[in-house]
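Have a look at the structure below, then the notes.
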Amino acid sequence: MSIKAFELVSAIERVKLMSDKAKTQIECLDVCGKNMYIGTSDCFVVHYSIEEKTQSNGRVTFITEKQGHKFLLVKKPVVQLRGASALNRIMVLCDNTLTLLNMFDLEPIVTGAKVKGVVCFCINENPLRTNPFSVEICVALKKKVIQLYTVTEDRLIHLRDVNVPDLPLSLGVDGIFVCAALTSQYCMIDMDGGHITELFPIDSEQIHPVIKRISKEEFLLSGPSALGIFATSAGVSQRPPMQWSDRLTAVCFVHPYILAMNDEFITVHSILDQQQKQAIPFQGGVFLGDFDGRIFVASGREIYSLVPIPFEKQIQALLADKRVTEALDLARNANKTGMSRDKFLKMFKTIQQQAAFIEFSRQQFDEASQLFKESSIDVREIICLYPHYLPAHSNFTRSVPPLHEIADINQLSKSDENLKAAYKDFLKTFLEEIKGTNFALGYKREVDVALLKLYAELMPEKLSELISVDTGCDLGDCVEWLEKYNRLHALGLLYQRHGESDKALGVWTRLVDSQTSDPSFPGLDFVVDFLANLTDHELLWKYVDWILEKDEELGVRIFTDRPTSEAQSERLRPEMVIDYLHRFPKAIITYLEYLIFQRKLEKEKYHTHLAVLYLEDVLKLMESNNVKKEELDIARSKLRHMLQMSNLYRVQLILGKAKEKDMHAECAILYGKLEEHDKALRILVHKLKDYGAAENYCQLNSQGKEPGYRKRLYHVLLSVYLDPSYERRDTLVAPAIALLNSSVADFDTLKVLHLLPDNWSIGLLSQFLTRAMRMGMHNYRMTRIQRMMARGENLLVKQNFIEMQREAIVMNDEKTCAVCNRAFNDSTFVRYPNGVITHVHCAKNKYVCPVSGKLFSVGKR
Amino acid sequence: MSTKKKADLKVIILGDYNVGKTSLICRYIDGTFRPKDPTVGAAFFLKQWGPHNVAVWDTAGDERYSGLSHFYCRGAGAAILAFDLNSSQTFESLWARFGSILEAANEDCLKVVVGTKMDLLDQSNRDITPEEGKKLARELNEHLDFKKMPHEPYFETSSLTNQNVDEVFQFIFQYCLPLSAEQKKKYGKGSVIDLIENSDEHKSTRRCC
């Protein structure tokens, strides 16, 4: 799991370093801005200026120049050295004594700013006070005391003491917390209360204790078994430990990398996943430190810098190795390097897209899909990997620089069909997910066309939904594609969608004629429905023939199932259609029925035509033998219904034919239409002997006519019953009596009495006579009551009128209208029953008094 | 893995070398069983429990990391004391070694005794009886209120067959971070809550062992 995160660049070579004494060795160094201070083993402090130059090829070089040096007179090594540029001072630990030097001329400050017996010290990077002209330091003393000082230009001001149980070897400080390595353990010290929290034991003989402040209140410690252990100032760990190499001497940290040095190597670890990322061979390192993000490392006589490789490069290297997770982790943390937010987001998206394609090429489809979405990729980038899936005339070119090295999915699947299917399935799922969302914005056509092609290939059942619901598919190469996969119904729908009805119908006729099975095609019904709703009537006629030849009963629906809102057109005038349909007997009947019963057209021509057609039907059935009786009955009842219901057909025409064929029932109806009731009833009574039908006839034909007409009809019927010229009249006595006694029938009693044969007994007629008597009495009495009531009413009205007229109203100039308060200029006026007088035009409602709002009775006329 | 988020509960697992601590955690977190390399120092996992974050710390069983285990125990709200059901020595270590390590944990730390490798156990020839285990569990948790627990904090598990693994964590989370009925409902879609329901059904099987 390696990555190149840093590059070793020489900063100061040995020749330039200092006095030529062979023993001279670098012990420590510090960098403040452009100044570098080096402490040596023979008690020199050397000052260099150092400048970083980035060459055009991206390589970093350092230009250094020696500024001066100072011998500290004790011949002991300089153990620690830190610059405090705010104070123009450097702090130097040499011979267990901490002193201050001037930053520029390296002269010691001799104001007594000095601490003796010091083991080590460190600067508090999270100081308690905020005075910018002071520095807080923590000092570990030999006498097992840890102290805090504030350092000013010329003084060290003592702040706090805490005693520790053992000799402190190393220190780290953050705020009020000091992390100290004692000879036997690490501990966390709260300098405020002096409370010591033990962290964990170490054997300082074996391990060089290292304490590195990582972030606010968090330290990294070198633990047993070469572990790097994180500890917070609360004394707990919030990250798992990391594995280092043995004999560690120094550690530094530049987000997100931790660099650890031993005799032979500098290893680079990521704080994100605690894994080692890089190992740089480096012999005899004595010092390693980070200074405001710059890392310097020193061997005995040479100084190098570890220059970070730019994040982009690192990430690209990871991506090239297909280490997607690491690359993304690193990228996410790259915004901590001071990149602007916009720039970062742009870079991060590109990286996500690259990562997505890597996952894609490894068939990690879930991850790929998520990354594609997160990075809001141009969906065409994906589609273009599938040969021919982009619309043919799309002018899309892949982004430059390329996001991936994939030619197409054929290359990825290496002609493994299963793999290829998996890729297609991925595309299908992905497109379905993004369809209609913001991701597909602006690429509707591309998405839909790709989906159409996929469906045509894999799931034809989904095609119709795709095409019919607001599709972005254009005709373009979709037509070709659908033809190729023989998805003819979908092709028809697509044509329809684009208003190319002619082509659509062409496809469907082909589909029907060729008998090829397209399971998604609903059959001829569909085409008929389509034609029935087609607004282009010219085009419609082109296919009518074809449909009717196939199935005339279905085909006629083109004319009968038209949308109700459709405007009438010349091409679909009923006459035209009827003329055309002559060839199709069934179709024409259906069409005429539609015209007459549904559209209720009242044209003699249609009605006669339909009646004649019905009649022909019946005649045909009658002529042919072995026709089932039911069939004939149905045909005849249809005819009768038509004859009865309609008043518009030419009766004589039908009657002639009906008489010819002895169709009595029909004749009866037709005579009825001609008002020749006697003939009609004679047929019913004599020929058909259907007395019920005869009574029914009277009832039916008198509907909506005045009562006298009705009485006449019944009378005709009775006279037919009692006709003395009919030889079998005896048989008609019973129905005659039944008719007389019927509660429905209505007679003029006197006429009936004249008609009745004299030889009938009273007994036979008693029921009829009683009823007639009662009826007569009843009518007489009812009429009287009505007369008396009318007279009473008349009296009342008269009384009212007199009462209203009794009081005289004097109209003079002083009278004003109660509504508008103006004088009456006219002779007409309105008086309400309560005496209010107004203009005629002011009286809005004669039932409501305009002044008091009183409601006068409306009921009184 | 980012650990920046402050965890609401720290759970630590302790126990002798090679009793299956890492396997137990991996079974719970990843739902898989694989042989593991020995843990170096410690390892760390994050788990969502309703609205809470739970940090699960896996420690190394090796004696030389004892000092570290002590350190990693600090602030632990619950500890799993794991032993190998087939090895009475690992059980005794719990008494001897790990009791003292846990002094660094929170005062009200819940200690759950968990026997591992149940799948290898010959039921007719056991070195450690469930009663002994429960007894240890009671003694370790003397300071706690047993009434808040459905039963003693003692489990016998197998990471290989996934027996009782989820129940251990369920027990701990339910005790330390009880979810209200509303929270359960809100987070009910996650696998977490399903397991509660399951655990109710399996309660009898757990009791009988």
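The values are calculated or read from the model by the stated rules, or taken from the named source; none is laboratory data. Predicted model, so just to flag it, every value in this text is computed and none were measured. When we count neighbours, we look across all protein chains shown, and the Cβ atoms used for this are built from the backbone with ideal geometry, even at glycine. These accessible areas exclude ligands, DNA and RNA; they are computed on the full protein's heavy atoms, side chains included. Shrake-Rupley method; radii C 1.70, N 1.55, O 1.52, S 1.80 Å.
Remarks
- Of all residues in the stretch A:186-238 being among the polar types (S, T, N, Q) and at the interface with another protein chain (Cβ under 9 Å from one of its Cβ atoms), the one that is nearest to B:Cys73 (Cα to Cα): A:Ser237
- Residue match in the stretch A:3-19 (condition: under 18 Å from A:Leu259 (Cβ atoms), in a loop (DSSP other than H, G, I, E, B), in contact with a helix residue (DSSP H, G or I) (Cβ under 8 Å, 6 or more places away or on another chain) and at pLDDT 80 or above): yes
- Enumeration of residues in the stretch A:400-419 that are closer than 11 Å to A:Gln363 by Cβ and open to solvent by less than 50 Å² (accessible area, probe 1.4 Å): A:Ile409, A:Leu412, A:Ser413, A:Leu419
- Among the residues of the stretch A:562-590, just one is among the aliphatic types (A, V, I, L, M), open to solvent by 30 Å² or more (accessible area, probe 1.4 Å) and not in a loop (DSSP other than H, G, I, E, B), namely A:Met576.
- None of B:Asp58, B:Asp37, B:Asp8 is away from chain A (no Cβ under 11 Å) and either modelled with pLDDT of 90 or more or in contact with a strand residue (DSSP E or B) (Cβ under 9 Å, 6 or more places away or on another chain) (or both) except B:Asp8.
- Boolean, A:Ser624 is at pLDDT below 80, under 28 Å from A:Arg599 (Cα atoms) and either under 60 Å from the mean Cα position of the chain (by Cα) or of a type outside the set (Phe, Trp, Tyr) (or both): no
- Residues that are closer than 30 Å to A:Met188 by Cα and free of Cβ contacts under 8 Å to residues at least 60 places away in the same chain do occur in the stretch B:131-140.
- Residues that are away from chain A (no Cβ under 14 Å), outside any helix (DSSP H, G or I), within 30 Å of A:Gly235 (Cβ to Cβ) and in contact with a helix residue (DSSP H, G or I) (Cβ under 7 Å, 6 or more places away or on another chain) do not occur anywhere in the stretch B:92-100.
- Meets criteria (away from chain B (no Cβ under 14 Å), under 21 Å from A:Thr325 (Cβ atoms), in contact with a Ser or Thr (Cβ under 9 Å, 6 or more places away or on another chain) and in contact (Cβ under 8 Å) with a residue 24 or more places away in the chain) for A:Ile303: no
- Hey, A:Thr471 outside any helix (DSSP H, G or I), of a type in the set (Val, Ile, Thr) and at pLDDT below 80 or not: yes
- Residue check, A:Ile137 open to solvent by 20 Å² or more (accessible area, probe 1.4 Å) and closer than 19 Å to A:Thr99 by Cβ: no
- Checking B:Glu142, B:Glu156 one by one, the residue that is more than 26 Å from B:Phe33 (Cα to Cα) and more than 14 Å from every other protein chain (Cβ to nearest Cβ) is B:Glu142 and no other.
- Verdict on B:Phe169 being under 22 Å from B:Cys109 (Cα atoms), assigned to a strand (DSSP E or B) and modelled with pLDDT of 85 or more: no
- Flag for A:Asp513 being touching a Gly at 6+ places or on another chain (Cβ under 8 Å) and assigned to a helix (DSSP H, G or I): no
- The sole residue among A:Leu371, A:Leu390, A:Leu427, A:Leu454 that is in contact (Cβ under 8 Å) with a residue 12 or more places away in the chain, buried (at least 19 other Cβ atoms within 10 Å of the Cβ) and assigned to a loop (DSSP other than H, G, I, E, B) is A:Leu390.
- In the stretch A:294-316, the residues that are open to solvent by less than 40 Å² (accessible area, probe 1.4 Å) and either among the aromatic types (Phe, Trp, Tyr) or out of contact with any Phe, Trp or Tyr (no Cβ under 9 Å at 6 or more places or on another chain) (or both): A:Phe296, A:Gly300, A:Phe311, A:Gln314, A:Ile315
- Taken together, A:Val151, A:Val92, A:Val78, A:Val74 contain a single residue that is modelled with pLDDT of 85 or more and either surrounded by fewer than 19 Cβ atoms within 10 Å (Cβ to Cβ) or closer than 30 Å to A:His195 by Cβ (or both), which is A:Val151.
- Complete set of residues in the stretch A:597-613 that are open to solvent by 10 Å² or more (accessible area, probe 1.4 Å) and either within 53 Å of the chain's Cα centre (by Cα) or within 15 Å of A:Ala635 (Cβ to Cβ) (or both): A:Phe597, A:Gln598, A:Arg599, A:Lys600, A:Leu601, A:Glu602, A:Val612, A:Leu613
- Filter pass, A:Leu750 being open to solvent by 50 Å² or more (accessible area, probe 1.4 Å) and part of a helix (DSSP H, G or I): yes
- Among residues of the stretch A:167-185 being within 13 Å of chain B (Cβ to nearest Cβ) and closer than 14 Å to A:Ala231 by Cβ, the one that is most open to solvent (accessible area, probe 1.4 Å) is A:Gln185.
- The stretch A:240-291 - residue that is out of contact with any Asp or Glu (no Cβ under 8 Å at 6 or more places or on another chain), touching a residue at least 40 places away in the same chain (Cβ under 8 Å) and open to solvent by 40 Å² or more (accessible area, probe 1.4 Å) and, of those, farthest from the other protein chains (Cβ to nearest Cβ): A:Ala279
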